[in-house]
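Step one of this worksheet: look at the structure below.
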There are 2 protein chains.
Amino acid sequence: MTQTDTLTIREMCDTYAVTPRTLRFYEAKELLSPIRQGAKRLFTKQDRARLQLILRGKRFGFSLEDIRQLLDMYNRDGSNEAQLSRTYQLGLDRLAQMKAQRDELTIAITELETELREGQATLAAFRAAAE
Amino acid sequence: MTQTDTLTIREMCDTYAVTPRTLRFYEAKELLSPIRQGAKRLFTKQDRARLQLILRGKRFGFSLEDIRQLLDMYNRDGSNEAQLSRTYQLGLDRLAQMKAQRDELTIAITELETELREGQATLAAFRAAAE
DNA sequence: ACGTTACATTACGTTAACGTAAAGCACTCT
DNA sequence: AGAGTGCTTTACGTTAACGTAATGTAACGT
């Protein structure tokens with residue numbers, strides 16, 4: 001009963017498979033802003049949502065600084081138009097970067113595949129020679 | 001004519017778009033082993049071939065340490081099937097990683113595009129309200 | 001002789017994303 | 001009382017792949 005609706009640092013760590021150090025680090029980087037009860041941190045559902053976005057961003061290979069900027073966008077607090085517009089532009093830029101990155105990856109994949117076919121042929125020749 | 005068949009460090013840098021520091025660094029890491037003329041380095045065509053492999057490896061996302069091992073295996077005989085097979089397997093693993101990474105990127109791109117459409121709508125509403 | 005390349009070596013600096021002590025406070029259990 | 005648990009802060013350590021001085025020397029043009 002009496003759901004606290006907040007998690008301690010340990011509960012957060014267990015839930016999301018991160019270390020306390022990581023959560024404190026993210027707070028220092030202003031990616032999270034848990035409330036305080038005395039000296040202890042209490043993570044709200046807002047923090048949990050943000051952490052999930054952070055972790056997803058990391059899986060995509062974004063830096064924490066990239067993620068910090070993206071979080072601003074996911075936060076549709078949209079105070080004024082100028083801010084919103086700037087944020088939108090940031091997203092567009094990021095999108096272009098991501099597509100470029102994907103294209104490069106595709107090229108590298110193709111190259112590596114070619115390379116591997118050669119390797120496979122060489123290997124097959126070896127095995128044939130060994131009878 | 002008297003082709004020297006070797007390149008100075010600067011010629012190497014110009015040819016492959018790397019800095020002198022990089023070439024010296026690679027030598028320290030035993031990725032390259034240019035011959036010496038006094039104190040100066042002279043890069044043979046062997047070095048050039050290796051550098052090309054290094055740069056390609058980097059495009060594939062291999063670390064220099066990975067690359068060093070791959071180069072060693074490649075040079076050690078080249079006639080050892082076990083080593084060749086291992087190299088091939090490393091390539092396969094890396095290829096799988098790269099494809100997975102690309103798939104995740106594609107997902108992220110789609111998500112971001114959705115998010116951006118939302119942002120654009122919000123922005124349009126703002127502007128309509130401002131008349 | 002003098003200044004300018006062109007190279008060299010040595011070695012400290014940089015960035016990201018935490019890891020890892022070190023030391024202390026506040027409970028709780030025995 | 002003493003031990004253990006869980007949290008805190010401060011702060012130095014780590015890895016990769018070079019960047020960036022600082023300093024030195026040999027060769028070359030004028």
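The values are calculated or read from the model by the stated rules, or taken from the named source; none is laboratory data. As the structure is a prediction and not an experimental result, all values here were calculated from the model. Positions of Cβ are backbone-derived with ideal geometry, glycine not excepted, and every protein chain shown enters the neighbour counts. These accessible areas exclude ligands, DNA and RNA; they are computed on the full protein's heavy atoms, side chains included. Shrake-Rupley method; radii C 1.70, N 1.55, O 1.52, S 1.80 Å.
Here is how the numbers come out for the structure above:
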{"quantity": "Residue within the range B:61-84 that is part of a helix (DSSP H, G or I), within 7 Å of chain A (Cβ to nearest Cβ), open to solvent by less than 60 Å² (accessible area, probe 1.4 Å) and within 27 Å of A:MET98 (Cα to Cα) present", "calculated": "no"}
{"quantity": "Residue within the range B:58-70 that is more than 10 Å from DNA strand D (Cβ to nearest atom), more than 19 Å from the chain's Cα centre (by Cα) and not hydrophobic (A, V, I, L, M, F, W, C) present", "calculated": "no"}
{"quantity": "Residue selected from the range B:35-53 under the condition more than 14 Å from chain A (Cβ to nearest Cβ) and in a helix (DSSP H, G or I), by the criterion nearest to DNA strand D (Cβ to nearest atom)", "calculated": "B:LEU51"}
{"quantity": "Some residue of the range A:64-84 being at pLDDT below 90 and farther than 30 Å from B:PHE126 by Cβ", "calculated": "no"}
{"quantity": "Qualifying residue in the range B:92-99 (condition: surrounded by 12 or more Cβ atoms within 10 Å (Cβ to Cβ), more than 30 Å from A:MET73 (Cα to Cα), at pLDDT 85 or above and more than 10 Å from chain A (Cβ to nearest Cβ))", "calculated": "no"}
{"quantity": "Residue that is nearest to DNA strand D (Cβ to nearest atom), among those in the range B:1-34 that are in a helix (DSSP H, G or I) and of a type in the set (A, V, I, L, M, F, W, C)", "calculated": "B:PHE25"}
{"quantity": "Close pairs (6 angstrom Cβ cut-off, 6 or more residues apart or separate chains): open to solvent by 50 Å² or more (accessible area, probe 1.4 Å) in the range A:37-49, more than 8 Å from DNA strand D (Cβ to nearest atom) anywhere", "calculated": "none"}
{"quantity": "Members of the range A:26-36 that are within 10 Å of DNA strand C (Cβ to nearest atom), of a type outside the set (A, V, I, L, M, F, W, C) and open to solvent by 40 Å² or more (accessible area, probe 1.4 Å)", "calculated": "A:LYS29"}
{"quantity": "Failed item, numbered, when A:MET12 is tested on (1) open to solvent by 30 Å² or more (accessible area, probe 1.4 Å); (2) at pLDDT 90 or above", "calculated": "(1)"}
{"quantity": "Those residues of the range B:108-124 which are surrounded by 13 or more Cβ atoms within 10 Å (Cβ to Cβ) and more than 15 Å from A:THR87 (Cβ to Cβ), in sequence order", "calculated": "B:ALA108, B:ILE109, B:GLU113"}
